[in-house]
Amino acid sequence: MATLEVFQFPYMSDNYGVLLHNKDTLETALIDAGDASAALGALELHGWSLTHLLLTHHHSDHIAGMHEIKSQTHCKCYGPQGIDGVDKVLSGGDSFVFADSEVQVLHTPGHTMDMLNFYLPDQSLAFTGDTLFTLGCGRLFEGDAATMWESLSKLIALPPNTWIYGSHEYTQANAKFALSVDPNNKALQQRAKQIDQLRAENKPTVPSKLSDELETNPFLRPDDADIRTLLKMPSEPDEAVFAEIRKRKDNF
Ligand code: ZN
Ligand code: FE
């Protein structure tokens, strides 16, 4: 089984799109379609032909370019129910093969109720949309904290060496907030410095390793004793601690 080539490109103010390419089968997938010209430009740069378009959720910064991309490339569009133009509706628990690699579909509602994430176990890649970001998680527009916590728990259960591709570059702001609830976390302190360095050089902080998120992303750490002490929530359920962390981030 070939290792897929991965090309991440920025669009709009802080979004990322990703191309996956198999140089043996010549198949190419695009994750999310917020900006047709950015995506078509990335394809042209590599000389790749788009065969698959995978959509995470219905927000316009993830789908606005879909119709143009489809008409220019004749790709097949996979995504959640309810989006006009999706050829193959997916739901959590589904899996399919892209370019000889298995793609597992995870339903991770919270930010939106339709949110799908794509996990490629033999590539150690997970596309987490607006559910899990580097050092952060998505805002709760449609689901409640309990729903989001259950969704994040599905991602926490992936192998720690999985690369997490969130859809936005929000990391510097996320790091500042993370330090406010987990100030004594040495790994987080160090990571915040690395992130400032990367951003000063205009480099992406996405993807990140799940193992690093587990050590430093407060939204994945409601069981942490220091965070619980700071929040004065020593024995509440993880879900309640997560809800408090999310609420604080909204007001940060
Ligand atoms: Zn969104
Ligand atoms: Fe988004």
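Total residues in the stretch 171-208 satisfying the condition of being touching a Phe, Trp or Tyr at 6+ places or on another chain (Cβ under 8 Å) and over 24 Å from ARG228 (Cα atoms): the figure is 4.
Could you list all residues from the stretch 1-51 that are within 16 Å of ligand 1 (Cβ to nearest atom) and not in a strand (DSSP E or B)? Within the stretch 1-51, MET12, SER13, ASP14, ASP32, ALA33, GLY34, ASP35 meet the criteria. In this structure, does MET115 turn out to be under 20 Å from SER60 (Cα atoms) and either among the aromatic types (Phe, Trp, Tyr) or modelled with pLDDT of 95 or more (or both)? Yes, satisfied. Within the stretch 178-210, the set of residues being surrounded by fewer than 20 Cβ atoms within 10 Å (Cβ to Cβ) and in contact (Cβ under 8 Å) with a residue 40 or more places away in the chain comprises SER180, PRO183, ASN184, PRO204, LYS209. Just to be sure I understand the filter: pairs with C-beta atoms under 7 Å, separated by 6 or more residues or on different chains, first member in the stretch 227-252 and closer than 14 Å to MET148 by Cα, second member open to solvent by 90 Å² or more (accessible area, probe 1.4 Å) and of a type in the set (Asp, Glu). Which pairs pass? Sorted first by the residue in the stretch 227-252, then by its partner, the pairs are ASP238/ASP223.
The values are calculated or read from the model by the stated rules, or taken from the named source; none is laboratory data. Computed from a predicted structure; not experimentally measured. Quick reminder, even Gly has a Cβ in these numbers, built from the backbone with ideal geometry, and neighbours come from all protein chains shown. Remember, those area values only see protein heavy atoms, side chains included, never the ligands or the DNA or RNA. Shrake-Rupley method; radii C 1.70, N 1.55, O 1.52, S 1.80 Å.
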